Every structure is written in C-alpha cells, then in structure tokens.
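Student: Quick one: this structure, given as structure tokens, is what I'll be asking you about.
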Amino acid sequence: RPARSRAFGQAELPEELQINNIHNKQLQETLRSGVGFHSAGLDSADRATVESLFLNRTIKILCATSTLAYGVNLPAYLVVIMGTKFYDHQSSRYIEYDVSDCLQMIGRAGRPQFESSAVAVIMTEKSSVARYQNLLAGAEAIESQLLHSLAEHVNAEIVLGTVTDIPSAIAWLKNSYLYVRIRKNPSFYGFRSNE
C-alpha cells in the first residue's frame, strides 16, 4: 500500500473517500495499491472514479481493455499494448488488431497538453514484429475511415456551429485526414486519380 501518514481523527483524504465509494471490491483493493483497472464490466460510477483518480495522478497505473482507446481522454506517459491479437467470436480464432486500433491505443501516450514526451511499447509475436516496426516508422500507410460516417460527422459539426454553409463544410473537409488521404490514394476511396 502507498504510505500515507494521517493523525488520529483527521478526515480522510478526498481520494480515499472516492476509493471507499467504489462498488467493485477488487477494484477498491487494487486502487489502494495505486493501480486501477478500467473495463466495460465496471459500473459507470466506478469507471468515472477510476478515470478521475488517473487524471489527477492519484493512481499511476491503469490497466484497460483496448476499447479504452476510443472515447475516453486518459493520456499517459507510458502505454503498453500487451499483445496485438484479440479473440474474434464470429471466426472463433485470434486475429490481429487493425492498425488503426493500435494507433488509437498508443495515441494515449504523450498528449501534448499533459506530457512533453511519451513511450509506447507494443508486445507482439515474432511473426508480427515487422508489421509494427513499419507502423511506428511510418512506412505503412494509414487510411482514413471518415468516409464511412461522413454524414454523421458533418451533421455533428453543423450542430456545433463549425459548419454553417457549403464553404465552411469544404474548409472543414480540407482540414481532415480523409482529404489528405484521398489526394494521396484516390483509388482506395473509389475515385480515379484524375478526378
């Protein structure tokens, strides 16, 4: 347990109160050791508490599922991917994560507003090492997935007030990674190179 000195009768520290309110007893115990875990199996209050404790650096280690990389802004100095395969129930076998999933996961390392540097470690099988070396070296092209949900994103930008007319929609699109990749690899997106 982390060493904490407290005089008899002194009120509990705010983070101790947060830990005492955790519903998951295993999580409560690991948090007292300075380690948290985050998964869909936790109730929303426990997840929110773990996120708060990690963001305010009360806990320094957070073990999480790959889905944490999406939708939760929990930057870290060090991100370790403990294996690059997941079990696919439809095919009843383990398959490699998509490159974009790995980028999302390692993207938690070193957010500029929180850290000045960062480290990402990818642990994989020998047969996959070259793939991840190419990924990290920038040798493997990453294509945008925005086209599949472009209408939803444009509608969200309209609601936010970022897009107010056709010129602002064009300006928004020209600032997207989709625009960059369409210009570099038009055939991937269903365009001819001279369009």
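Student: Within the range 174-181, does at least one residue satisfy the condition of being basic (Lys, Arg), open to solvent by 70 Å² or more (accessible area, probe 1.4 Å) and out of contact with any Phe, Trp or Tyr (no Cβ under 9 Å at 6 or more places or on another chain)?
Tutor: There is at least one residue in the range 174-181 that is basic (Lys, Arg), open to solvent by 70 Å² or more (accessible area, probe 1.4 Å) and out of contact with any Phe, Trp or Tyr (no Cβ under 9 Å at 6 or more places or on another chain).
Student: Determine which single condition GLY36 fails, assuming it passes every other condition in (1) modelled with pLDDT of 90 or more; (2) assigned to a helix (DSSP H, G or I).
Tutor: Unmet for GLY36, out of (1) modelled with pLDDT of 90 or more; (2) assigned to a helix (DSSP H, G or I): (2).
Student: If you check ARG192, ARG131, which single one turns out to be farther than 23 Å from CYS63 by Cβ and outside any helix (DSSP H, G or I)?
Tutor: Unique residue meeting the criteria: ARG192.
Student: Is it the case that VAL154 is in a helix (DSSP H, G or I), farther than 30 Å from THR84 by Cα, open to solvent by 90 Å² or more (accessible area, probe 1.4 Å) and among the β-branched types (Val, Ile, Thr)? Spell out the reasoning first.
Tutor: On the way: in a helix (DSSP H, G or I): yes; farther than 30 Å from THR84 by Cα: yes; open to solvent by 90 Å² or more (accessible area, probe 1.4 Å): no; among the β-branched types (Val, Ile, Thr): yes.
Judged against the criteria, VAL154 is not a match.
Student: Hey, among the residues in the range 15-33 that are touching a Ser or Thr at 6+ places or on another chain (Cβ under 9 Å) and not in a loop (DSSP other than H, G, I, E, B), which one's modelled with the lowest pLDDT? Working first, answer last.
Tutor: Step one: of the range 15-33, the residues touching a Ser or Thr at 6+ places or on another chain (Cβ under 9 Å) are 15, 18-19, 21-22, 27, 31.
Add one more test, that the residue is not in a loop (DSSP other than H, G, I, E, B), and what stays is 15, 18-19, 27, 31.
Details: GLU15: 71, GLN18: 85, ILE19: 88, LEU27: 95, LEU31: 93.
Result: GLU15.
Student: From ILE166, ILE106, ILE170, ILE122, grab the single residue that is at pLDDT 90 or above and surrounded by 13 or more Cβ atoms within 10 Å (Cβ to Cβ).
Tutor: Working: ILE166 fails: surrounded by 13 or more Cβ atoms within 10 Å (Cβ to Cβ); ILE106 fails: at pLDDT 90 or above; ILE170 fails: surrounded by 13 or more Cβ atoms within 10 Å (Cβ to Cβ).
So the residue among ILE166, ILE106, ILE170, ILE122 that is at pLDDT 90 or above and surrounded by 13 or more Cβ atoms within 10 Å (Cβ to Cβ) is ILE122.
Student: So, one more: Taking the range 87-103 as the region of interest, how many residues are under 20 Å from HIS38 (Cβ atoms), out of contact with any strand residue (DSSP E or B) (no Cβ under 7 Å at 6 or more places or on another chain) and at pLDDT 90 or above? Break it down stepwise before answering.
Tutor: Of the residues in the range 87-103, the ones under 20 Å from HIS38 (Cβ atoms) are 87, 97, 101-103.
When the remaining residues are screened for being out of contact with any strand residue (DSSP E or B) (no Cβ under 7 Å at 6 or more places or on another chain), the result is 101, 103.
Next cut, at pLDDT 90 or above only: none.
So the count comes out to 0.
Student: Does the range 157-189 hold any residues that are of a type in the set (D, E, K, R) and not in a helix (DSSP H, G or I), and which are they?
Tutor: Narrowing the range 157-189 to residues of a type in the set (D, E, K, R): 157, 165, 174, 181, 183-184.
If the condition is that a residue be of a type in the set (D, E, K, R) and not in a helix (DSSP H, G or I), then ASP165 is the only one that fits.
Student: Name every residue in the range 28-58 that is crowded, with 17+ Cβ neighbours inside 10 Å, touching a helix residue (DSSP H, G or I) at 6+ places or on another chain (Cβ under 8 Å) and closer than 29 Å to ASP98 by Cβ, in order of residue number.
Tutor: Selection gives GLY36, PHE37, HIS38, LEU42, ASP46, VAL50.
Student: List the number of the failed condition for ALA76; all other conditions in (1) within 12 Å of the chain's Cα centre (by Cα); (2) of a type in the set (A, V, I, L, M, F, W, C); (3) at pLDDT 85 or above; (4) over 24 Å from ALA137 (Cα atoms) hold.
Tutor: Unmet for ALA76, out of (1) within 12 Å of the chain's Cα centre (by Cα); (2) of a type in the set (A, V, I, L, M, F, W, C); (3) at pLDDT 85 or above; (4) over 24 Å from ALA137 (Cα atoms): (4).
Student: List pairs: first residue in the range 146-166 and more than 21 Å from VAL180 (Cβ to Cβ), second residue assigned to a helix (DSSP H, G or I) and open to solvent by 80 Å² or more (accessible area, probe 1.4 Å) anywhere in the structure, Cβ distance under 9 angstrom, at least six positions apart or on different chains.
Tutor: THR164/ILE158
Student: Within the range 41-55, track down each residue that is closer than 20 Å to ALA76 by Cα and out of contact with any Asp or Glu (no Cβ under 8 Å at 6 or more places or on another chain).
Tutor: Let us first name the residues in the range 41-55 that are closer than 20 Å to ALA76 by Cα, namely 46-55.
Answer for the range 41-55, where residues must be closer than 20 Å to ALA76 by Cα and out of contact with any Asp or Glu (no Cβ under 8 Å at 6 or more places or on another chain): ASP46, ARG47, ALA48, THR49, VAL50, GLU51, SER52, PHE54, LEU55.
The values are calculated or read from the model by the stated rules, or taken from the named source; none is laboratory data. As the structure is a computational prediction, the values presented were derived from the model and not from experiment. Note that each Cβ is placed from the backbone with ideal geometry, even for glycine, and that neighbours are counted across all protein chains shown. Surface accessibility is based on the protein's heavy atoms, side chains included, excluding ligands, DNA and RNA. Shrake-Rupley method; radii C 1.70, N 1.55, O 1.52, S 1.80 Å.
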